[in-house]
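K.L.:
Below are the structure tokens for one structure; questions will follow.
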Amino acid sequence: MGEEAFGSAFGEALERRGVSLAWLHQRLVDRGHPVSPAALSYWRSGRSQPERGTSRDALVEIERLLHVDPGSLTSRLGPSRRPGPRPAERTLRELFAETPGLEDALHALGFIGLYDEVVETIRHVTVDVDADGRTGAMQVRAALRARHDDARRTPLIMTMDESGQMAQFVPIAGCSLGRQVIDVQSRVYATELLLDHPMAKDETALYELAVDLPEPIKDTHIDQYVVRRVSELLVWVRFDPAHRPAHVERYTQVGDHETVERLDLGGGCGAHAMARGFGPGMLGVRWSW
């Protein structure tokens, strides 16, 4: 058995249940398993399979949601083809395996990995949720450090939804956009972010950009994944005063382990999750109305 056997079983289970990948994605998010729509699509097509501990946990929930016998999908998984290098490298290889097209897109832009020229040291992400519970954009501010002289470029990656729509990167300060690659089949969109000027080794630079979504979404979570350790990672969600959530929590996922902490809005309308010396892993905020 292998990825094709799993993909066939997964696709048949979806058809018998009569649901779409979009439906399944939203139910997984609601239950704390934020598997991307692109990853679900790759699993169904047999191009990849769940590999990380968090993905395997999501598969158990998928079996419940699709009303199939426990283990009927997990038993179809083929052996992992991953070697076992250092944690940061292993995580990058997992990203390549779970998102077919990502590695090719990077190579098309002249990158080998995500941090060829610069490394990210600080990332701050801000999201505003309107009175209807919708999010239309994300603001990102980050600090980068040059790995060598004349460093200036870094890749930005986004996956498109099932309809082929994709978010737009909008430079605000300290940067501009260069070449781009769009792989419709794998739904990967990649572009190069160009800092305002080349840096000397170990020099730092800041940039700010917005990520405009193709249409507002009603997700009840926002999280950020870092492939390697960063000095500081911050996720800040700002709710409309007219529509404050009933429950908010901070969560981290590192390897197979998840930690959750309830957040109290008090008299305010914002909630944030911040971690120092964090990664590889995921940090996020989720809520319910």
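The values are calculated or read from the model by the stated rules, or taken from the named source; none is laboratory data. Since we're looking at a predicted model, the values are computed, not measured. Methodologically, a virtual Cβ is constructed for each residue, glycine included, from the backbone with ideal geometry; neighbour enumeration extends over all protein chains shown.
K.L.:
Does Leu156 meet the test of being surrounded by 15 or more Cβ atoms within 10 Å (Cβ to Cβ) and of a type in the set (A, V, I, L, M)?
P.N.:
Numbers: surrounded by 15 or more Cβ atoms within 10 Å (Cβ to Cβ): yes; of a type in the set (A, V, I, L, M): yes.
Here the answer is yes, as Leu156 does meet what is asked.
K.L.:
Among the residues of region 99-108, count how many are modelled with pLDDT of 85 or more and surrounded by fewer than 18 Cβ atoms within 10 Å (Cβ to Cβ).
P.N.:
2
K.L.:
If Ile157 satisfies all but one of (1) under 24 Å from Val285 (Cβ atoms); (2) in contact (Cβ under 8 Å) with a residue 60 or more places away in the chain, what's the number of the condition it fails?
P.N.:
All conditions are met except number (2).
K.L.:
I've got another one for you. Test Ser72 against the criterion of being out of contact with any Gly (no Cβ under 9 Å at 6 or more places or on another chain), closer than 29 Å to Ser288 by Cα and at pLDDT below 90, and give yes or no. Spell out how you get there, then give the answer.
P.N.:
Values: out of contact with any Gly (no Cβ under 9 Å at 6 or more places or on another chain): yes; closer than 29 Å to Ser288 by Cα: no; at pLDDT below 90: yes.
No; evaluated as a whole, the condition is false for this residue.
Residues checked against (1) free of Cβ contacts under 8 Å to residues at least 12 places away in the same chain; (2) part of a strand (DSSP E or B); (3) over 30 Å from Arg262 (Cα atoms):
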{"position": "Gly133", "(1), (2), (3)": "no, no, no"}
{"position": "Asp149", "(1), (2), (3)": "no, no, yes"}
{"position": "Gln165", "(1), (2), (3)": "no, no, yes"}
{"position": "Ala190", "(1), (2), (3)": "no, yes, yes"}
{"position": "Leu194", "(1), (2), (3)": "no, yes, yes"}
{"position": "His197", "(1), (2), (3)": "no, yes, yes"}
{"position": "Glu208", "(1), (2), (3)": "no, yes, no"}
{"position": "Tyr225", "(1), (2), (3)": "no, yes, no"}
{"position": "Ser231", "(1), (2), (3)": "no, yes, no"}
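K.L.:
When you scan region 267-286, do you find a residue that is assigned by TED's automatic domain parsing to the domain that holds Val129 and free of Cβ contacts under 8 Å to residues at least 12 places away in the same chain, even just one?
P.N.:
So far as region 267-286 goes, yes, one or more of its residues are assigned by TED's automatic domain parsing to the domain that holds Val129 and free of Cβ contacts under 8 Å to residues at least 12 places away in the same chain.
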